Amino acid sequence: MTLFFGINRPALAYSMTTLGAGMMNHIFNFYYVKLFLNRYKISEGAFHQAQVVFMIWNAINDPLFGYIQDNSKSEFCSIRRRSILFGAPFYALAFLIPWFPWKDYSEGEWLSGIHLVVALCVFDGMLTFVLLAQCALFTEISTKHESRLQLIKYNQVASLLGSSSILFCGIVSDNMENIPRFQTFTICLAVLSAACMCYTGMFGVSQYEQKYLESNSHSDTSLSWTSVLTLTKQILTQKNFLLFVSMNFFQVFHATFCSNFMMIFADNLIPKDALPSIVRSIMYGAGSIFPQFLVLISHSLLLNIGYYKVILWGFYVEVISAVLMFLIGPQHYYILATFLVTNMSPLSSMVFGTNALFTKPAQSLAPMFVVTILNQYGYEHLTNKADQPDPNLFLGLHDTMFYLTCLVPLCIALIQIVIWTPFSIRSSHITK
C-alpha cells in the first residue's frame, strides 16, 4: 500500500465511505422516529404499515443488490469504487427525504405514512447499494493480512468520527428543537458525506479492478442456483450459526430500540431544567460515540479472553445495570442519563454485526413494539396542543417509558444469555 506523508492512501480512501455513511446513518436512525411521531404526527396504523413495508424491503434488498453487483456486466456495478462513486449522491439525497415534509401535515394524515415508507425504503436501498460495494472493496483492495489490518484501523477511526454527527447536530439544532437549523445541518452533512464517499469512488482502486481493466473481461465465478441453495442449506443447519443469528436478532432489536427512542425517553423522563440543552447534546452524542470508542480499546481484551466470554459477561453487565436502574428509580436524573448512554453501547455490540438477512426484521419490529405500548398510554396526545388530556395520564406514560428503559434491556439480555450459553466456539482467540 502506498504511503504519503505517513498516510496509507488506499486505507484512507476506503475509510472515507465509512465516515460519510456513518455521519448520515447515525442522524437518520436517531431522529426519524421522533420527527414522524412528534412533528408530522403520523398515525399509529400508518407508522406500523410503513415499518412492515420497510421490513420486507429491508430483508430482500441485500441479496438483490448483492446479486446485481456480483453478476452485472456493467462497470457501474461490477467495479466497486464506481458503484460507490455513482451511488454516493443518491445516497445523500435519500438521507434528506425525511427532514423536509411534503406539506403541512395534519394529525394522522395518510401522506405522512407514504412519506415514511419512501424515506425508509429509498434510504435503506441506497445504503445497501453503496455499503455492499464497500464491503466487497475491502477484500479486493489487498489480500495481505497486514494491509487489511490497516484498513480495519482506519475504518474504526472513521466510524468513531462519523458517530460524532449526533453531537454536533444536537448542538446546532438545540436537539431538533430548531427545525430550520436542523434542516440546514442535514443539507451540509449530506454534501460532506457525499464528498467523502466520492473520494472513495475516485481513489479506492482495487487489485481486482486493475486486473479487470487489463483483461477487459470477467472470469466466470458466478455460482449456479443449485450451488447457492446447497450452501444455504448447509449454513442454516449449523447449530452455532442459528444461535449466533438468534443472538444477533435481539442485539439489533436492542440497538434499534436505543437509537430510535433514547431521545424521546430522555426528553420526557428528565426535566429540561435538570439537564441543560448542551448537556443533553453531549449525552446524545456520547451514546453514539462511546460504542465506537469501545471497539478501539477492546482488542487486547478480546485477544486475552475471547469473544465468547466478552459477549457473555456483557449480557450479565446489562442485566445487573438494568436491575440497579430499576431499583434506583427515575428521580436521579444524572444516573438515568448515564444509564441511557451506556445502554446504547453494551460490550456485546463490539462483536456483533447488524446486517445479517435474518436480523433485519428487528429494525422494524422494535419501533412498532414500542410505539404500540406508548400510544396505549397517550403518547400520541403528548405534543398535541389542541388537546388538554388529564395530566395523570402523562404520569402513567412516564412510568411506562421508565419501565421500557429498564425492562427491555433486562429481558433482552436474559434471552441472550439463554441463547448464547450453548454456543460451542469458545476458544477461537487461542487457535493458531
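The values are calculated or read from the model by the stated rules, or taken from the named source; none is laboratory data. On a predicted model such as this, the values are computed, not experimentally measured, just so you know. Please note: Cβ atoms are built from the backbone with ideal geometry, for glycine as well, and neighbour counts cover all protein chains shown.
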Legend entry - Residues that are surrounded by fewer than 17 Cβ atoms within 10 Å (Cβ to Cβ) and either at pLDDT below 90 or among the hydroxyl-bearing types (Ser, Thr, Tyr) (or both), drawn from the range 401-421: Tyr403, Thr421
Legend entry - Residue match in the range 158-172 (condition: in contact with a Lys or Arg (Cβ under 8 Å, 6 or more places away or on another chain), over 19 Å from Ala88 (Cα atoms) and modelled with pLDDT of 85 or more): yes
Legend entry - Any hit, the range 64-82, residues being crowded, with 23+ Cβ neighbours inside 10 Å and part of a helix (DSSP H, G or I): yes
Inset, instruction - Considering only residues that are in contact with a His (Cβ under 9 Å, 6 or more places away or on another chain) and of a type outside the set (A, V, I, L, M), look in the range 85-144 and name the one that is surrounded by the most Cβ atoms within 10 Å (Cβ to Cβ). - result: Pro98
Legend entry - the range 95-128: number of residues that are among the aromatic types (Phe, Trp, Tyr) and under 13 Å from Ser43 (Cα atoms): 2
Inset, instruction - Could you grab me the full set of residues in the range 280-314 that are among the aliphatic types (A, V, I, L, M) and over 23 Å from the mean Cα position of the chain (by Cα)? - result: Leu301, Leu303, Ile305
Inset, instruction - Could you check how many residues of the range 199-240 are surrounded by 13 or more Cβ atoms within 10 Å (Cβ to Cβ), over 21 Å from Ile68 (Cβ atoms) and at pLDDT 80 or above? - result: 3
Inset, instruction - Being out of contact with any strand residue (DSSP E or B) (no Cβ under 8 Å at 6 or more places or on another chain) and under 26 Å from Ser364 (Cβ atoms) narrows it down to one of Ile141, Ile84, Ile114, Ile79, so name that one. - result: Ile114
Legend entry - Single unsatisfied condition, Gly314 versus (1) loosely packed, with under 15 Cβ neighbours inside 10 Å; (2) within 20 Å of Cys411 (Cα to Cα): (1)
Inset, instruction - Go through the range 44-74 and give me each residue that's out of contact with any His (no Cβ under 9 Å at 6 or more places or on another chain), closer than 18 Å to Tyr32 by Cβ and aliphatic (A, V, I, L, M). - result: Ala46, Val52, Val53, Met55
Legend entry - Residue satisfying condition, being over 19 Å from the mean Cα position of the chain (by Cα), in a helix (DSSP H, G or I) and under 28 Å from Ser163 (Cβ atoms), within set Phe28, Phe95, Phe86, Phe54: Phe86
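Given the structure, is Ile152 without any contact (Cβ under 8 Å) to a residue 12 or more places away in the chain and under 23 Å from the mean Cα position of the chain (by Cα)? Steps first, answer last, please.
Values: without any contact (Cβ under 8 Å) to a residue 12 or more places away in the chain: yes; under 23 Å from the mean Cα position of the chain (by Cα): yes.
Taking the combined requirement at face value, the residue satisfies it.
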Legend entry - the range 98-115 - residue that is assigned to a helix (DSSP H, G or I) and not hydroxyl-bearing (Ser, Thr, Tyr) and, of those, farthest from Phe129 (Cα to Cα): Trp110
